[in-house]
Amino acid sequence: MLRVDTPNFPYFLLVGILPWNFFAQSLMMSTSSIVDNGGLIRKVWLPIEVFPIATVFFNLAQYLLAMAVLFPMASFFFRVPLSRSALAFFVVLPLHVIFTLGLGFFFAAATVFYRDVKHFTEIFLMLLFWLTPIIYDVRVLPESLRATVYANPLSFFITSYQDIFYRQIVPDPFHLLVLFSLSGLSLAVGYIVFSSCKVRFAEEV
Amino acid sequence: MFPLIEIDNVSKAFTIRHNRTNSLKSSFIGIFHKRFRETKETLWALKNVTLSVAPGETLGLIGRNGSGKSILLRLIVGIYRPTQGQVRFPNGARVGAMIELGVGFHPELTGRENVFLGASIHGLSRGEVEEIYPGVVEFSELDSFMDVPIKNYSSGMHARLGFALAINLNPQVLLVDEIFAVGDEAFQRKCIEKMEEFRGEGKTIIFVSHAAETIKNFCERACLLDHGSLVFLGAPSKAIEEYHRLLAS
């Protein structure tokens, strides 16, 4: 089995699991955001985009609050001060939000037409959790398994957070470029899918 | 003068999906099992409706249940898109929300909070809501109940708050869908008076009702829909006559 020799493991875990929770919760809530507000969508004209966006930002607020609690605790219990690399957070976070929002758009639209997408999302997220280096450090994995982990786009985001707060280094430019393309791609695809079928939402919900 | 709203040969089709598959599971099973496959049927809810509404006009919409009145309103508001034809606003009018009472109201919130919630759903900013708030309270006569959660309101109070809010949203075009079935007579009279006032201000009103008297007294023109087609357009009293003939046949 994996030998756990990650020092300060609780801190490592928290740094990874908080952004994961933000991502997973946003996605789960986005899937039902259109369907649950069907009554409103059928009766009032409003920009339907607000529902997934509001969901993601609601979860973002929770994530930021959790982070605000984490850092004083971290410096008190684990003696990990924030380093200057933390500034990279302000680059990674917006990209992470955009990435989540894109997927949120996609799943929100899909759920209108296929109601069980919600349940598939739950299962899919469970699988994704283990494919994301949250409770293990990607560096302890054998080379052969790393490719599998990095096939999961979310791994790039989580390892960036770990770089920033745990390893206290700025993620390398290549890594940031990947984040940038992933979030752009996610938002583009998600938004195009969402807006191409939004005219039918009022009839389908 | 340009018409305010131009409904140009508009048709709206809905798909009736028999044996509806709205899950991935049933779509997947449908590949193998005929029994789980959906069959589609097209229902034309509106057929080639052409209609234009002049600014300041009061137009009545009548017709039997399911004749397409509410769908026409939804097409005007933009909740539905026409399958064929176009809905145009040559003057760039901002069509107010369809009046459906208490849209977006949340039972746990107080009357006051619901006014803010309901108004913001219709696109008003916080400042704008604060401006109209006294008017809403005054019109609804619910002064002493504004801090009560609306789950404790009677249905009449609920409707009064909804109407008071809707009327204070101040849209250029007022779309009214069957709302006078609620409230006591005094409040109904008040609603009619308010609508008269609106008309006096030169606002356009589109009015859906089954009440023949109201249509006759209130509207300048009436439009009769039957099975999605426009059957008659003209003087309200004539339209009501046609409508009664339809009902009798």
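The values are calculated or read from the model by the stated rules, or taken from the named source; none is laboratory data. Keep in mind that this is a model prediction, so the values were computed, not measured. All Cβ positions, even for glycine, are placed from backbone atoms using ideal geometry, and neighbour counts span all protein chains on display.
Summary table below
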{"quantity": "B:D226 acidic (D, E) and at pLDDT 85 or above", "calculated": "yes"}
{"quantity": "Total residues in the stretch B:23-58, condition surrounded by 16 or more Cβ atoms within 10 Å (Cβ to Cβ) and over 30 Å from B:V87 (Cα atoms)", "calculated": "4"}
{"quantity": "Residues of the stretch A:15-52 satisfying the condition of being in contact (Cβ under 8 Å) with a residue 12 or more places away in the chain, surrounded by fewer than 18 Cβ atoms within 10 Å (Cβ to Cβ) and closer than 22 Å to B:H122 by Cα", "calculated": "A:G38, A:R42, A:E49"}
{"quantity": "Count - residues of the stretch B:9-21 that are surrounded by 15 or more Cβ atoms within 10 Å (Cβ to Cβ) and more than 13 Å from chain A (Cβ to nearest Cβ)", "calculated": "2"}
{"quantity": "Per-region count, the stretch B:14-34, residues more than 21 Å from A:A109 (Cβ to Cβ) and touching a residue at least 12 places away in the same chain (Cβ under 8 Å)", "calculated": "3"}
{"quantity": "Residue that is nearest to A:W45 (Cα to Cα) [pool: residues in the stretch A:188-199 that are surrounded by fewer than 15 Cβ atoms within 10 Å (Cβ to Cβ) and either hydroxyl-bearing (S, T, Y) or within 12 Å of chain B (Cβ to nearest Cβ) (or both)]", "calculated": "A:V199"}
{"quantity": "Scope the stretch B:189-235; condition among the aromatic types (F, W, Y), touching a residue at least 12 places away in the same chain (Cβ under 8 Å) and farther than 18 Å from B:Q172 by Cβ; matching residues", "calculated": "B:F218"}
{"quantity": "Among (1) surrounded by fewer than 17 Cβ atoms within 10 Å (Cβ to Cβ); (2) under 30 Å from B:N22 (Cα atoms); (3) away from chain B (no Cβ under 14 Å), the one test that A:S75 misses", "calculated": "(2)"}
{"quantity": "Selected residue (only one of B:T50, B:T39, B:T58 is in contact with a Cys (Cβ under 7 Å, 6 or more places away or on another chain) and of a type in the set (S, T, N, Q))", "calculated": "B:T58"}
{"quantity": "Residues (within 13 Å of chain A (Cβ to nearest Cβ), among the hydroxyl-bearing types (S, T, Y) and outside any helix (DSSP H, G or I)) located in the stretch B:22-39", "calculated": "B:S23"}
{"quantity": "Enumerated helices (runs of 4 or more DSSP H) restricted to the stretch A:101-181, each holding at least 1 residues that are among the charged types (D, E, K, R) and more than 26 Å from A:L70 (Cα to Cα)", "calculated": "A:117-130, A:143-150"}
{"quantity": "In the stretch A:89-119, residue nearest to A:H175 (Cα to Cα) [restricted to those that are within 13 Å of chain B (Cβ to nearest Cβ) and under 17 Å from the mean Cα position of the chain (by Cα)]", "calculated": "A:F107"}
{"quantity": "Any helices (runs of 4 or more DSSP H) falling wholly within the stretch A:14-97 and containing at least 2 residues that are modelled with pLDDT of 95 or more", "calculated": "A:50-73"}
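Okay, residues lined up against (1) under 19 Å from A:V44 (Cα atoms); (2) of a type outside the set (D, E); (3) in a helix (DSSP H, G or I); (4) at pLDDT 90 or above:
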position: B:E41; (1), (2), (3), (4): no, no, no, no
position: B:V49; (1), (2), (3), (4): no, yes, no, yes
position: B:N65; (1), (2), (3), (4): no, yes, no, no
position: B:N91; (1), (2), (3), (4): no, yes, no, no
position: B:G96; (1), (2), (3), (4): yes, yes, no, no
position: B:R112; (1), (2), (3), (4): no, yes, yes, yes
